[in-house]
Protein chains: 4
Amino acid sequence: MAKIKAGVLGATGAVGQRFIEGLKEHPWFELTSLAASERSAGKKYSEAARWRLESELPADIAEMTVVNVDPKEVDADIVFSALPSDEAKTAEPAFAAAGCAVASNTSSYRMVADVPLLIPECNHEHLDIIKIQQEKRGWENGGYLTTNPNCTTVMFTLPLKPLMKFGIQSVHVASMQAVSGAGYEGVPSMAILGNVIPYIGGEEEKVETEPQKILGTFDGEKIINADFAVTASCHRVPVMDGHTEAVWVTMRDNPTPAEVRQAMLDFDPKLGDLPTSPKKALIVKDEADRPQPRLDRNRGNGMSVSVGRIRSGIRFVCMGHNTVRGAAGASILNAELLVKKGLL
Amino acid sequence: MAKIKAGVLGATGAVGQRFIEGLKEHPWFELTSLAASERSAGKKYSEAARWRLESELPADIAEMTVVNVDPKEVDADIVFSALPSDEAKTAEPAFAAAGCAVASNTSSYRMVADVPLLIPECNHEHLDIIKIQQEKRGWENGGYLTTNPNCTTVMFTLPLKPLMKFGIQSVHVASMQAVSGAGYEGVPSMAILGNVIPYIGGEEEKVETEPQKILGTFDGEKIINADFAVTASCHRVPVMDGHTEAVWVTMRDNPTPAEVRQAMLDFDPKLGDLPTSPKKALIVKDEADRPQPRLDRNRGNGMSVSVGRIRSGIRFVCMGHNTVRGAAGASILNAELLVKKGLL
Amino acid sequence: MAKIKAGVLGATGAVGQRFIEGLKEHPWFELTSLAASERSAGKKYSEAARWRLESELPADIAEMTVVNVDPKEVDADIVFSALPSDEAKTAEPAFAAAGCAVASNTSSYRMVADVPLLIPECNHEHLDIIKIQQEKRGWENGGYLTTNPNCTTVMFTLPLKPLMKFGIQSVHVASMQAVSGAGYEGVPSMAILGNVIPYIGGEEEKVETEPQKILGTFDGEKIINADFAVTASCHRVPVMDGHTEAVWVTMRDNPTPAEVRQAMLDFDPKLGDLPTSPKKALIVKDEADRPQPRLDRNRGNGMSVSVGRIRSGIRFVCMGHNTVRGAAGASILNAELLVKKGLL
Amino acid sequence: MAKIKAGVLGATGAVGQRFIEGLKEHPWFELTSLAASERSAGKKYSEAARWRLESELPADIAEMTVVNVDPKEVDADIVFSALPSDEAKTAEPAFAAAGCAVASNTSSYRMVADVPLLIPECNHEHLDIIKIQQEKRGWENGGYLTTNPNCTTVMFTLPLKPLMKFGIQSVHVASMQAVSGAGYEGVPSMAILGNVIPYIGGEEEKVETEPQKILGTFDGEKIINADFAVTASCHRVPVMDGHTEAVWVTMRDNPTPAEVRQAMLDFDPKLGDLPTSPKKALIVKDEADRPQPRLDRNRGNGMSVSVGRIRSGIRFVCMGHNTVRGAAGASILNAELLVKKGLL
């Protein structure tokens, strides 16, 4: 089987680099196009971008010429978008209109009614809205938009999925977020060394609205949000990668901690075997002091969410890799789902 | 006026050193006795202890001879206790029986019915229980026990005080605690560098029970706990000093964030002018990203609690210096209150 | 005595804020003018700058209107310059030509032959070159340029001063520098958390040339550089404030460690009593594991350099506060010297 | 081929865990015995040790019963020793006398004349001294002692090897060492967060004497040390793993930086294909700001040393993983060499 041609929009930034890392040896996708801002276009990738990851930049990618974020210059069946949200606003629909599948990590279209906001293990059936999206927007070349959630949202929404059967009524979440979530230049060291910053612009608004859409139901025409409230307090801590979250969930059925733990252990998203889906999407840790970002963020190649300290309340702590499961890896898993569903 | 003779129990440890720092130039107290374990007793303080604070160890204190934790060896009107809780269990009553006032930072007697658990700005009237304590225990030499709260408790209980009038019903608190709270050897660097540890042994139990006693009322015979539930999730972060806490408070009267902010601004504990009581016990920060431990922990010489991000929910973030307001400084403020009330 | 009017050039940046902090309650200087780039000029200081220090921004300074970096807009007898070096290149001489004393923290004029590069404890006699500077440049209004060294230079050059008598032949220095040396946005947290960066652009060149000028002699016409070689390796470490340096010094007389220690203990710069000169410019630490930035950087209000581990080689470790003794505090001490010498 | 039976002495500690990690899927060795102190002996490994590594503890190893550090209880052809140096002093020869090969990471026997101190890429020919060792000590069952260097020594001694041809005369090294080098409880977070500690007990003595033995020559009877002096300054920094070192080398032939770089690039230890020998023992980085511990410590699965900033002086910066190349990985590579040389 020929590989599917994949492009990255915003290829030089922190998430763009994670996209390259995740796609460079992917069994289904072939990285054919790297697009970035005018400043970078025309340059070799190794000149346009300063590679910031521990892995080595592959030599063939270093040599690729960066192109503009323009469907005419990008040769791809699917584009992965790490664009700033204002640029994504116009660029992503342009790619969809030109016949491209768009797997976006940007917030611009997440909450738009006809765009699926996906965690494959939670709501793959929302993909059926794509047909409605294409009709409504008059996209006749097969292009469409898909999105993945905010990096803080995904870590607690995934463990909420198996708790839906208990009747979730309300959720409180306090996050302790890694600096990599803000991009390479996002958090100055003078701001965060030995410190906590109790504010992340725009974060709480996303965290408080995205889960209800993700855990909502598609009625054949639209997504009906799940009916519970989320209230969040978001904080930055001196951690490189891995968002840790303290979560309280009130549920109609008042399950015991043991019942909650069992529901998480039993959680089987029945996704089948996608190349990057982890053996266990949810890992339940029984040690008193886990999960911890340094020890647990790379479980399932960074695609597992680890949950621990399930106790009365119901309270628990969850943690996952914010730039893998919470960003580039999420879009790539979405794309694999698109292939499996025959949408690509 | 002659100074009051003060001793420190557990003088060589981290909190003991903070006691020395807080007492060495105190206008009312004179440091007359340093007591520690057998291993240290008989040695010069500078040989028994490794001084860990940024301030210099005063030369006269360096020369003092450490004595045993024994009322016969300690020459003091009041002792400040930083003993491990099992040792405190027997040693503190022995000092009280011998006629000594005890201001303890240890958890052993905090929740015992006849022992006041004090935040002077919140419940100084609880001191009246001392008479009952002395009668019940048969202490006839004027000795008694007082305690201050756990370092995490005090940071959010102080801001709850002015909210009592709105009818507090329940509290959720997620803490991000500094490493100094665990003592000098408490948290290995390999455990916490670039990491979050979502568990602190015994902490949540204290945090969930102490506030109701502190904010309770003394009916002339006993303290009647305030009637609300606290549920906590406690985490260690790579911060040296300063506990940051995200707090949710449900209240009967459903006040607006502006009303809550105003109540905090108006909070006047009417403590009068104690030597270490800060000009403002509660500081309200209106910047979006405050309070932060690195920038705000030393407000009021480490005795103020800073509150910010008061928003619907009601949610807010509070922060204070855990080894000053949360430990040694709290006991010293208690002692000043004892003097003012004529109990010393 | 009326206070001397002082302005700050580059008042909104990290060093500019340290200048404000050092001048706001200075006994000799009155802060009359805050100058910054066009973007800031015309705004209130509190709007133009985001205050980043632990101390509170004084209310009266918050209200001052920022002006342009232009001698016509700045009302001052002396200006303290924290300008970027390219701007300093033209702005500083313009202020000198207009009759202003300039105390610069910028590198632009440090190595220029007729400009003194000062550590008051080391070479205050170099100030006599100012007369030559004024003549040569035709500055007839009493203005002139003075500079202080790079923040890494000063920490090891000060302890070298008392060793000059042993005949210094060569110096090796390896620095472990704090992030604040690069300015607030200078070092992203993703670059330095749990990491060492073994390169600081342009730093080694400064460190290898400035000490010889500082420790040189003024022969009445020019400064004759001291005759030794410095070779440096500069590294950034995850420390907020305080540059630590490992130093090797080869000397003609081959002094023992005890002789070196004694020379440092005996070091008396005979500066007299300037408002910010520390009681001891050099502090010798005899503990095996000192100096340490966290514990020792604030000695002498940040103006002392601490030295320890003096051992055969001769090797030692020195450390000082890079944004106080190494930047703003250095310029202010220079200005105090100017007053004392009657140059202001 | 049947696998060789391997035991770990000191299996519960930090280096012991790295040994288990390195041996659990090794193609040549089979982990047959885990020995530790009396406190642990008799327990299941998962009960005796708290696993601290990011990798998962393999289930079969978790179930193994820990035995005493006693040749009678340990069933192995080779033992890897991570014992404290005082215990190693008696235990290691006991194992050798009992017929066991000993690959020790401990310092006890490194500088003993008849014990090889190995970096396989530098001095595998020193292994010939084993025969002399066995004769001298009367070990007739085939047992013997081998050692690997201190973790700081190996990082700069490996890059010195290809420079030997230029006539090394003297070496200065300033280290910036990771906390993991001190073991899990070794460095309290209160000691190192945002700090530098300019002292590591006993480290400089090792660093100043081991390289000359490693780079010495075996004359058929004894090892003749290389003739150059090393002078070291060792510092701890807030880094988890990876020792960074600034090195100055004076050489008789005065090579240019380009010649030094080429010698390092050309370095071919001709070790052949050992299971854990990295493709390149020395990696030369040409970027201005490399090597960095966070980005480069895992090169060659933690077995490569990265060198950069080769400049006049000759100065360079080198860096490697201190608990892999600098500890457990070094002993395992030694053991692979023993197999290849027919000694096992």
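The values are calculated or read from the model by the stated rules, or taken from the named source; none is laboratory data. Note that the structure is a prediction, hence the values are computed from the model and not measured. Using ideal geometry, Cβ is built from the backbone for each residue, glycine included, and neighbour counts are taken over all protein chains shown. Note: accessible area is taken over every heavy atom of the protein model, side chains too, but ligands, DNA and RNA are not part of it. Shrake-Rupley method; radii C 1.70, N 1.55, O 1.52, S 1.80 Å.
Some notes on this structure:
- Positions within the stretch A:170-190 being within 11 Å of chain B (Cβ to nearest Cβ) and free of Cβ contacts under 8 Å to residues at least 40 places away in the same chain, in sequence order: A:Met190
- Annotation: of all residues in the stretch C:211-232 being part of a loop (DSSP other than H, G, I, E, B), in contact (Cβ under 8 Å) with a residue 24 or more places away in the chain and not hydrophobic (A, V, I, L, M, F, W, C), the one that is nearest to the other protein chains (Cβ to nearest Cβ) is C:Gly216.
- Selection from the stretch A:276-286 of residues that are without any contact (Cβ under 8 Å) to a residue 40 or more places away in the chain and out of contact with any strand residue (DSSP E or B) (no Cβ under 7 Å at 6 or more places or on another chain): A:Pro278, A:Lys279, A:Lys280, A:Asp286
- For the stretch C:292-319, the set of residues classified as in a helix (DSSP H, G or I), touching a residue at least 12 places away in the same chain (Cβ under 8 Å), open to solvent by 10 Å² or more (accessible area, probe 1.4 Å) and within 10 Å of chain D (Cβ to nearest Cβ) consists of C:Arg294 only.
- Extreme residue, most open to solvent (accessible area, probe 1.4 Å), among residues of the stretch D:191-206 that are part of a helix (DSSP H, G or I) and closer than 30 Å to B:Leu53 by Cα: D:Glu205
- Of the criteria (1) in contact (Cβ under 8 Å) with a residue 12 or more places away in the chain; (2) within 14 Å of chain C (Cβ to nearest Cβ); (3) surrounded by 23 or more Cβ atoms within 10 Å (Cβ to Cβ); (4) over 16 Å from the mean Cα position of the chain (by Cα), which one D:His243 fails: (4)
- Among (1) over 24 Å from A:Tyr199 (Cβ atoms); (2) out of contact with any Leu (no Cβ under 9 Å at 6 or more places or on another chain), the one test that A:Val284 misses: (2)
- Selection status of D:Val237, touching a strand residue (DSSP E or B) at 6+ places or on another chain (Cβ under 8 Å) and either open to solvent by 20 Å² or more (accessible area, probe 1.4 Å) or facing chain C (nearest Cβ under 9 Å) (or both): yes
- Residues (open to solvent by 40 Å² or more (accessible area, probe 1.4 Å) and out of contact with any strand residue (DSSP E or B) (no Cβ under 7 Å at 6 or more places or on another chain)) located in the stretch D:262-275: D:Gln262, D:Asp266, D:Asp268, D:Lys270, D:Gly272, D:Asp273, D:Pro275
- Where a residue in the stretch D:195-210 is touching a residue at least 60 places away in the same chain (Cβ under 8 Å) and its partner, wherever it lies, is open to solvent by 20 Å² or more (accessible area, probe 1.4 Å) and part of a loop (DSSP other than H, G, I, E, B), with Cβ under 7 Å and at least six apart: D:Lys206/D:Ser107; D:Thr209/D:Met111
- Any hit, the stretch D:24-36, residues being without any contact (Cβ under 8 Å) to a residue 60 or more places away in the chain and in a helix (DSSP H, G or I): no
- Among the residues making up the stretch D:166-190, those that are part of a strand (DSSP E or B) and under 19 Å from B:Leu193 (Cα atoms) are D:Met176, D:Gln177, D:Pro188.
- Which numbered condition C:Glu287 fails, given (1) surrounded by fewer than 18 Cβ atoms within 10 Å (Cβ to Cβ); (2) within 22 Å of the chain's Cα centre (by Cα): (2)
- If you go through the stretch D:207-227 and keep only what is open to solvent by 40 Å² or more (accessible area, probe 1.4 Å) and touching a Ser or Thr at 6+ places or on another chain (Cβ under 6 Å), you end up with just D:Ile224.
- Per the conditions (1) touching a His at 6+ places or on another chain (Cβ under 6 Å); (2) aromatic (Phe, Trp, Tyr); (3) open to solvent by 20 Å² or more (accessible area, probe 1.4 Å), the sole criterion not satisfied by D:Trp248 is (3).
- Where C:Ala288 falls short, out of the listed (1) among the hydrophobic types (A, V, I, L, M, F, W, C); (2) more than 10 Å from chain D (Cβ to nearest Cβ); (3) part of a loop (DSSP other than H, G, I, E, B): (2)
- Residues being more than 14 Å from chain C (Cβ to nearest Cβ), touching a residue at least 24 places away in the same chain (Cβ under 8 Å) and not β-branched (Val, Ile, Thr) - total across the stretch D:255-270: 8
- Members of the stretch C:233-253 that are assigned to a strand (DSSP E or B) and closer than 18 Å to D:Val237 by Cβ: C:Ser233, C:Cys234, C:His235, C:Arg236, C:His243, C:Thr244, C:Glu245, C:Ala246, C:Val247
- C:Met190 vs. criteria within 30 Å of A:Arg294 (Cβ to Cβ) and at pLDDT 95 or above: yes
- Top-ranked residue of the stretch D:48-78 - restricted to ones that are in contact with a helix residue (DSSP H, G or I) (Cβ under 6 Å, 6 or more places away or on another chain) and more than 24 Å from D:Glu185 (Cβ to Cβ), ranked as surrounded by the fewest Cβ atoms within 10 Å (Cβ to Cβ): D:Pro71
- Qualifying residue in the stretch B:320-335 (condition: assigned to a strand (DSSP E or B), open to solvent by 10 Å² or more (accessible area, probe 1.4 Å) and in contact with a strand residue (DSSP E or B) (Cβ under 7 Å, 6 or more places away or on another chain)): no
- Some residue of the stretch A:169-190 being open to solvent by less than 20 Å² (accessible area, probe 1.4 Å) and over 30 Å from C:Pro238 (Cβ atoms): yes
- Residue list for the stretch D:237-261, restricted to those being among the charged types (D, E, K, R) and within 18 Å of C:Val247 (Cβ to Cβ): D:Glu245
- Filtered residues of the stretch A:79-95 (kept if outside any helix (DSSP H, G or I) and surrounded by fewer than 22 Cβ atoms within 10 Å (Cβ to Cβ)): A:Pro84
- Candidate set: the stretch A:37-47, residues that are surrounded by 14 or more Cβ atoms within 10 Å (Cβ to Cβ) and part of a helix (DSSP H, G or I); chosen: the one nearest to the other protein chains (Cβ to nearest Cβ): A:Ser46
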